[in-house]
Amino acid sequence: MLHGENCVHETYYEILSVKEDASYEEIRNSYRSAILHSHPDKLLSRSRRSSDDEKFLKIQKAWEVLSDAELRVVYDNDLRSSRYDGITADEISIEDMSVEISGDEEEEEGGEVIEVFYQCRCGDYFCVDSSELGTMGFGLVRDGGFVRVKRLGAFVASVVLPCGSCSLKTRVWVDSDMKISLQDDDQL
């Protein structure tokens, strides 16, 4: 498991109860067994809980990624990187961050630079802009009162951001189709 101060993330390997070096056959057999025990149609309707549905969806997502060789390589790289990025002061979701949109003639699409930021304990900010996120495989798209996050591979990944002033770092968890609410300028 990946541990943080505020959250624990179970890996797809742990969800399917296989080792990280498991073969495709081992992963498939474990998936089939897990799905049989958690499929909503197999559970009695009166004893079914929302946690059962969540478990089923996690198993499906784990299989979707680990059964596809290209997605598995990307996932394994993200997993390795998340383990070696060092100690972080905090773990947050990108949805916990604030957004600032500004015009920039250098930005090709629409002339906007989208920056997401989160305040550090020291008073400065952890921040990253849309062009930097683009080089990491993330896309930020303005959608009405929100900024939507797009991720190649459609699974959870993380980015470690350093503070602008102190030595603290925070891990930002990103999942496909997350959205960040836009704030009024007077709230920033």
**Request:** Compute the Cα gyration tensor for the stretch 112-162, then decide on rounded, prolate or oblate, letting a ≥ b ≥ c be the square roots of its eigenvalues: rounded whenever a/c is under 1.5, prolate when a/b is larger than b/c in the other cases, and oblate in all that remain.
**Result:** oblate
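Which length gain, in nm to one decimal place, applies between E25 and L57 when the Cα-Cα distance is subtracted from 0.36 nm times their residue separation?
9.4 nm
FYI, it's all coordinate maths here, none of it is from the lab. Values in this document were obtained by computation on a predicted structure and should not be read as measured data.
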